[in-house]
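Colleague: There's a structure below that I have some questions on.
The values are calculated or read from the model by the stated rules, or taken from the named source; none is laboratory data. Please read all numbers here as calculations on a predicted model, not as lab measurements. Here the Cβ positions follow ideal geometry from the backbone for every residue, glycine too, while neighbour counts run over all protein chains shown. Note: accessible area is taken over every heavy atom of the protein model, side chains too, but ligands, DNA and RNA are not part of it. Shrake-Rupley method; radii C 1.70, N 1.55, O 1.52, S 1.80 Å.
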Amino acid sequence: MPPLPPLTQALILANVAFYALDVLLGGLLTNWFALWPLGSAFMPWQIGTYAFLHGSFGHLFFNMLGLWMFGSELERLWGGKRYLQLYFASVLTAALTQLVVGLLFGGAPTVGASGGLFGLLLAYGMMFPNRTIMLLIPPIPMKAKTFVVVFGVLELALGVYSPTGGVAHFAHLGGMLGGWLMIRHWRGQGPFGRR
């Protein structure tokens, strides 16, 4: 197994540290840094800080597993600058999507790196479409491009079925949109035009 690249390692360590600190402080960080719906406790910094908080150990574990699986390879491919650009573009578009969903349907505060992770997932599927990925539960191997489509369709269906059900499905889709837009920008493709 190759060593963990430095920025992926830093993101994982930051997420683990913020989770542990939030647990020790009894959720105080969540009160200030989670992404709250507009009109409640929303503050502008929350569109970035929410991505470093998690609601449970399982939530943290699976997001960090995905960050390791997909982020490591993309950081090695692109280098640190582009990797962080895509990750934080995905975090931002996930937050904006969740704020719109909150205006339409109401909602609770949002936490987690899932928006950034879903952007990385989409990018991984675009960069390595024919690599085989193994689902954990159930253990089914599939090509990366199929994996991305399955997760995208699943998130859309779950979001339509339960837009306020405790999981920010549309934020996940927003993260995928951010990753897609960033790659299109780098390639000089629409909606950005040629460079």
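Colleague: Whether any residue in the stretch 162-179 is touching a helix residue (DSSP H, G or I) at 6+ places or on another chain (Cβ under 9 Å), open to solvent by 30 Å² or more (accessible area, probe 1.4 Å), without any contact (Cβ under 8 Å) to a residue 60 or more places away in the chain and assigned to a helix (DSSP H, G or I) is what I want to check.
Modeller: no
Colleague: Only residues that are among the small types (Gly, Ala, Ser) and touching a Leu at 6+ places or on another chain (Cβ under 8 Å): list them for the stretch 22-36, please.
Modeller: ALA34 - this is the single residue of the stretch 22-36 that is among the small types (Gly, Ala, Ser) and touching a Leu at 6+ places or on another chain (Cβ under 8 Å).
Colleague: What number of residues in the stretch 71-100 are in a helix (DSSP H, G or I) and open to solvent by 10 Å² or more (accessible area, probe 1.4 Å)?
Modeller: Selection size over the stretch 71-100: 19.
Colleague: Of these, ALA113, ALA95, which one is of a type in the set (Gly, Ala, Ser), touching a strand residue (DSSP E or B) at 6+ places or on another chain (Cβ under 8 Å) and modelled with pLDDT of 95 or more?
Modeller: Among ALA113, ALA95, only ALA95 is of a type in the set (Gly, Ala, Ser), touching a strand residue (DSSP E or B) at 6+ places or on another chain (Cβ under 8 Å) and modelled with pLDDT of 95 or more.
Colleague: Ok, one more. Can you find a residue in the stretch 48-63 that is under 16 Å from GLY179 (Cβ atoms), in a helix (DSSP H, G or I) and open to solvent by 50 Å² or more (accessible area, probe 1.4 Å)?
Modeller: no
Colleague: Could you please find all residues in the stretch 127-161 being part of a helix (DSSP H, G or I) and touching a Lys or Arg at 6+ places or on another chain (Cβ under 8 Å)?
Modeller: ALA144
Colleague: Looking at the stretch 1-33 only, could you name the residues that are farther than 18 Å from TYR87 by Cα, modelled with pLDDT of 95 or more and open to solvent by less than 30 Å² (accessible area, probe 1.4 Å)?
Modeller: Passing the criteria: ASP22, LEU29.
Yes/no per residue for (1) of a type in the set (A, V, I, L, M); (2) at pLDDT 95 or above:
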residue	(1), (2)
SER40	no, no
GLY48	no, yes
PHE52	no, yes
GLY71	no, yes
LEU77	yes, yes
GLN85	no, yes
GLY119	no, yes
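Colleague: Here's another thing I want to ask about it. With respect to the numbered conditions (1) closer than 29 Å to GLY55 by Cα; (2) open to solvent by 60 Å² or more (accessible area, probe 1.4 Å); (3) β-branched (Val, Ile, Thr), which one is the sole condition not fulfilled by ILE133?
Modeller: (2)
Colleague: Examine the stretch 146-161 for a residue that is under 15 Å from the mean Cα position of the chain (by Cα), closer than 21 Å to MET69 by Cα and open to solvent by 70 Å² or more (accessible area, probe 1.4 Å), and state whether such a residue exists.
Modeller: Scanning the stretch 146-161 turns up no residue that is under 15 Å from the mean Cα position of the chain (by Cα), closer than 21 Å to MET69 by Cα and open to solvent by 70 Å² or more (accessible area, probe 1.4 Å).
Colleague: Shifting gears a bit: Can you pull out every residue in the stretch 101-119 that is open to solvent by 10 Å² or more (accessible area, probe 1.4 Å) and assigned to a loop (DSSP other than H, G, I, E, B)?
Modeller: Within the stretch 101-119, GLY106, GLY107, ALA108, PRO109, VAL111 meet the criteria.
Colleague: Looking only at the stretch 4-44, which residues are over 30 Å from MET69 (Cβ atoms) and either of a type in the set (Lys, Arg) or assigned to a helix (DSSP H, G or I) (or both)?
Modeller: LEU28, ASN31, TRP32 - these are the residues of the stretch 4-44 that are over 30 Å from MET69 (Cβ atoms) and either of a type in the set (Lys, Arg) or assigned to a helix (DSSP H, G or I) (or both).
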